[in-house]
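The block underneath contains the structure these notes are about, expressed in structure tokens.
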């Protein structure tokens with residue numbers, strides 16, 4: 001009986017230790033990065049393509065680099081809406097069609113459940129720090145490119 005208690009106690013301590021150190025990393029996972037281009041601006045974006053990656057997005061992140069963001073790629077064009085649940089950084093989002101054309105730019109406040117829908121079906125969405133698009137004189141109609 002004592003031996004079982006020691007094993008159980010050791011297992012519990014191990015579980016707690018792993019949980020304390022590993023759980024924060026679930027939200028801080030980094031995804032593959034690629035360069036994309038808007039006008040003369042090169043930005044490095046983390047690419048999320050699967051439903052699980054897109055659901056996680058930038059949740060739990062505390063920092064986002066100056067010219068860094070996240071590019072959401074969907075399997076098909078549709079009305080893909082966004083919210084800021086568990087997202088700590090104020091963001092701006094560009095809704096982008098299959099041709100790479102920005103259809104709408106919206107600012108999003110952290111930790112809100114407000115829905116941010118695109119005006120038309122989109123294939124991509126690009127999240128950047130709040131105000132990044134206006135600071136860089138980017139607007140509706142500009143084209144996202146995957147090469148210079």
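Among the residues of the range 34-55 satisfying the criterion of being touching a strand residue (DSSP E or B) at 6+ places or on another chain (Cβ under 8 Å) and surrounded by fewer than 16 Cβ atoms within 10 Å (Cβ to Cβ), which is nearest to residue 128 (Cα to Cα)?
Restricting to residues being touching a strand residue (DSSP E or B) at 6+ places or on another chain (Cβ under 8 Å) and surrounded by fewer than 16 Cβ atoms within 10 Å (Cβ to Cβ), the top hit is 44.
Restricting to the range 43-67, name every residue that is free of Cβ contacts under 8 Å to residues at least 40 places away in the same chain and part of a strand (DSSP E or B).
The answer is 44, 46, 47, 48.
Tell me the residue from 133, 72, 146 that is closer than 19 Å to residue 35 by Cα, in contact with a helix residue (DSSP H, G or I) (Cβ under 7 Å, 6 or more places away or on another chain) and touching a residue at least 12 places away in the same chain (Cβ under 8 Å), please.
72
Which of the residues spanning the range 49-66 are in contact with a helix residue (DSSP H, G or I) (Cβ under 6 Å, 6 or more places away or on another chain) and under 14 Å from residue 127 (Cα atoms)?
59
Counting residues that are surrounded by 20 or more Cβ atoms within 10 Å (Cβ to Cβ), which strands (runs of 3 or more DSSP E) fully inside the range 85-141 reach at least 2?
Strands (runs of 3 or more DSSP E) meeting the threshold: 91-96, 122-129.
Throughout, read-outs are computed from the coordinates displayed, never taken from laboratory work. Computed from a predicted model, the values in this text were never measured in an experiment. Cβ sites come from the backbone with ideal geometry, for glycine too, and all protein chains shown count toward neighbours.
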